[in-house]
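Only the coordinates and a few stated rules stand behind these numbers; no lab work does. Here the structure is a predicted model, which is why all the values come from computation and not from measurement. In this analysis, Cβ positions are derived from the backbone assuming ideal geometry, glycine residues included, and neighbour counts consider all displayed protein chains.
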């Protein structure tokens, strides 16, 4: 069975090039019958389009047949040719103008075919089934401990640390101003002077003497001195 007849001329389909451009399926007219494929420039095997060769001329075309499945050999038979718009005379001398006809070819010798190139149809990829892989248990690994070797560590002598004295920075001390001292005057305490009795007989003041006024507290200090002087003179 041929693949892709009448479809777009791509890889994997039956197709044709050069003299003809289309591959079609159907039947030839004039009692020829069905064909598996025809090559034409029209849309059907009936003709009705320009193309092909004119009277007395020849042409070449290259058909490519795509089969379904593997094919080792095949035989071509039932060839037919469709003619139309023909002017001329028949064998018996009759003239014809614009006629058409279908010719059938025959073969008496075995047909020798060239190697067949089979184009397989496109195969859709089959999705891969998920594969479940069970993990293989790993046997436990027993590691025997290696006895540690004694390590002799010699003490590292500590180098002496030389500390250089840090020179003292000069400290500038600003004098603190002494606030002025304001001394409030102390009020004089009242002095009470008791008369000292005179020895050796002192004259008592006469009653006719004029009474003395009591000095103000501010003059008590001066009166004390005067009183003492009088007492000294009385002695």
- Message: How large is the translational diffusion coefficient of segment 15-104 in µm² per second when you combine the Kirkwood radius over alpha carbon pairs with Stokes-Einstein at 10 °C and 1.306 mPa s?
- Response: 107
- Hey, can you rank 17-25, 81-89 by average C-beta count inside 10 Å, highest first? 17-25, 81-89
- Difference of contour (0.36 nm per residue) and Cα-Cα distance, residue 99 to residue 163: 10.0 nm
